[in-house]
Each structure stands twice: as C-alpha cells, then as structure tokens.
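Written below as structure tokens is the structure these notes are about.
Rule-based calculations on the coordinates, nothing more; no lab input. Remember, predicted model here, so these are calculated numbers, not experimental data. Neighbour counts are summed over all protein chains in view; Cβ atoms, including those assigned to glycine, are modelled from backbone coordinates with ideal geometry.
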C-alpha cells in the first residue's frame with residue numbers, strides 16, 4: 001500500500017469516527033432534552049409587568065416560554081388588552097404584534113359558550129370539568145418534550161395535558177440569540193364543558 005493510500009484511509013477513518021461521535025452526542029443531547037419540567041406559581045399574574053417579574057421571563061429555555069404563553073392566555077381571558085401585551089411579549093421583537101385576524105381568533109375561542117375562557121386554566125394540574133377548572137394551589141404546569149420535539153433546527157415543540165381533553169396539546173417555540181419565543185400555539189382548542197355548563201351532568 002502506497003503512502004498516499006495510507007493517508008487516505010486514515011483520513012476516511014477519522015471522518016467516520018467524527019461522524020459517529022457527532023451522532024452519539026446528538027442522541028445524548030436529545031435524550032437530555034426529553035422529559036418533563038414543572039412550574040409552580042403561588043398566584044397568577046394579571047399584568048404584563050407582573051409577568052415580566054417572574055423568573056421564567058428570562059425565556060432562556062423553551063419550557064419557560066411555553067409556561068409564559070399559558071399564563072398570557074390566562075391574563076387574556078380576564079383582561080384582553082393586557083393579554084395582548086403579554087402575548088406580544090412572548091412572541092418577541094422578531095415578529096410583528098398580533099394582527100387583527102389573530103386577535104379575532106382568540107376572541108372567538110374565549111367566547112365559546114362551553115367554557116372558552118377556562119381553556120388556558122385547564123392546563124394547570126388538578127383542573128377538571130368537575131371543579132370548574134380550578135387547579136390546586138400552588139398553580140402547577142407540567143410541560144414535556146418527546147423524541148420529536150427538536151426535529152427542526154432552532155424550533156422546539158413542547159406538549160402539555162389539559163384536564164378537559166383526552167390528548168395533549170402543543171406549543172412551538174423558536175430560539176434567537178439564546179432566547180426562546182412563542183412561534184405557534186395549539187392550546188386554544190375546545191375543552192369539555194365545566195360541570196355547571198354541562199346539561200348532561
């Protein structure tokens with residue numbers, strides 16, 4: 001075997017080893033990224049300033065931004081104008097403020113007679129139709145990733161269960177300069193009506 005062939009084979013082996021190592025590290029990172037993160041709040045914020053005062057407002061993980069998204073929707077259910085400010089905050093400076101059509105979407109969902117204003121509150125642990133979606137204190141959110149959460153570069157799709165639905169809902173985040181922002185949410189979907197609004201008991 002010539003000297004050139006020896007160098008060529010050595011280079012090929014080094015590339016192969018580098019690829020194997022990269023795949024191994026990628027798999028390890030993906031495993032670390034999977035799992036559930038729990039957030040607890042002694043009280044729920046009512047304004048943008050109160051939302052910004054939370055430690056989660058650093059938004060340095062997608063989980064924190066997902067939690068803030070749910071809190072923002074809770075604020076919207078009680079105070080539309082303040083809720084819009086909060087949603088624009090978690091969407092970040094890279095996106096335009098909510099469009100009128102997007103605001104109309106939220107308004108329509110919150111007007112749903114089957115407990116529309118309770119949808120964001122249904123994501124707290126212990127919130128069920130039987131107790132009118134009043135979660136137990138401290139208010140607890142459990143948000144989780146799965147093996148598909150990080151399939152797209154710079155994006156992350158996280159999951160959370162609602163006490164009024166049979167399957168989990170999703171929220172998609174996008175990272176820029178180390179900060180995760182709300183990209184899309186699939187949280188404002190109908191839930192089972194609270195007991196007081198269910199004619200079938």
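With a Förster radius of 35 Å applied to the C-beta separation of residue 176 and residue 108, the computed FRET efficiency comes to 0.70. Taking each residue as 0.36 nm, the span from residue 101 to residue 148 lengthens on full extension beyond its C-alpha to C-alpha distance by 13.9 nm.
A simple spin-label model places pseudo-atoms 7 Å from Cα toward Cβ; at residue 79 and residue 131 they are separated by 2.6 nm. Counting only the Cα atoms, region 52-197 fills a convex hull of 108 Å³ per residue. Judged by the mean number of other Cβ atoms found within 10 Å, the most tightly packed of the peptides 143-150, 122-129 leads the ranking 122-129, 143-150.
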